[in-house]
1. Determine whether the stretch 78-98 contains at least one residue that is more than 20 Å from residue 13 (Cβ to Cβ) and of a type in the set (Lys, Arg).
2. What is the one condition in (1) more than 25 Å from residue 111 (Cα to Cα); (2) out of contact with any Phe, Trp or Tyr (no Cβ under 7 Å at 6 or more places or on another chain) that residue 49 does not satisfy?
3. Might you check whether a residue that is in contact with a Lys or Arg (Cβ under 8 Å, 6 or more places away or on another chain), touching a residue at least 24 places away in the same chain (Cβ under 8 Å) and farther than 21 Å from residue 117 by Cα occurs anywhere in the stretch 37-44?
4. Residue 100 versus (1) closer than 19 Å to residue 46 by Cβ; (2) surrounded by fewer than 17 Cβ atoms within 10 Å (Cβ to Cβ); (3) in contact with a Leu (Cβ under 7 Å, 6 or more places away or on another chain); (4) not polar (S, T, N, Q): which is the lone unmet condition?
5. Inside the stretch 57-90, can you point out the residues that are surrounded by fewer than 19 Cβ atoms within 10 Å (Cβ to Cβ), in contact (Cβ under 8 Å) with a residue 12 or more places away in the chain and small (Gly, Ala, Ser)?
6. I'd like to verify a number: residues in the stretch 18-36 that are under 16 Å from residue 78 (Cα atoms) and part of a helix (DSSP H, G or I), how many?
7. Restricting attention to the stretch 135-146, does a residue exist that is under 14 Å from residue 41 (Cβ atoms), in contact (Cβ under 8 Å) with a residue 12 or more places away in the chain and surrounded by fewer than 16 Cβ atoms within 10 Å (Cβ to Cβ)?
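Rule-based calculations on the coordinates, nothing more; no lab input. Note that this is a predicted model, so its numbers are computed, not measured. Here the Cβ is made from the backbone with ideal geometry for all residues, glycine too, and neighbour counts use every protein chain on show.
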Amino acid sequence: MSPESILKPLEQAHWQKYVDALSASQKEKMNEVFVSAGYAGNPQITDELLGLYLCGRKTAGSSLMEDFLSCGERLPQVGDHWIYLDSSGTPRCILKTEKIVVNKFKDVPEEIAVAEGEGDLSLAYWKRVHSELYMPFLKTWGVENLDEAWVLTEFFSIVYR
């Protein structure tokens, strides 16, 4: 899928700056990658999360697989690129998905809480915050028991600022 087909002009310009900075052999591969743009969580917390990515404390983010599946959205894959938008919709950096792990909510390991870089980095904090984030949408996503829902965690690297 061509990035131009799904990105707004400001996002496309940011992507093009990244591609222009690559070597010729790297540029050839960019036609093959999936690129999306958006903010993390919700607009109220996205700037805080952006700061965690930019300082290197946050290297992962988690979503419920049922969210993607209920909307018919493509599941993230290793090699995907994400143009991170701040709360005003301005592209701030580009992240690349390096690894994906899937766990049931009840089985999420502490290393995911640490990689997400939020709060006190504990699993208890991660579960509380993510429960609060997901709870309003569970019925829409067809989830009856959050503990049995599938959590998809993407591990990222920043490839462009």
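1. No, because not a single residue in the stretch 78-98 is more than 20 Å from residue 13 (Cβ to Cβ) and of a type in the set (Lys, Arg).
2. Of everything listed in (1) more than 25 Å from residue 111 (Cα to Cα); (2) out of contact with any Phe, Trp or Tyr (no Cβ under 7 Å at 6 or more places or on another chain), residue 49 misses just condition (1).
3. Yes, because at least one residue in the stretch 37-44 is in contact with a Lys or Arg (Cβ under 8 Å, 6 or more places away or on another chain), touching a residue at least 24 places away in the same chain (Cβ under 8 Å) and farther than 21 Å from residue 117 by Cα.
4. For residue 100, the failing item is (1).
5. 70, 79, 87, 89
6. 4
7. The answer is yes, given that some residue of the stretch 135-146 is under 14 Å from residue 41 (Cβ atoms), in contact (Cβ under 8 Å) with a residue 12 or more places away in the chain and surrounded by fewer than 16 Cβ atoms within 10 Å (Cβ to Cβ).
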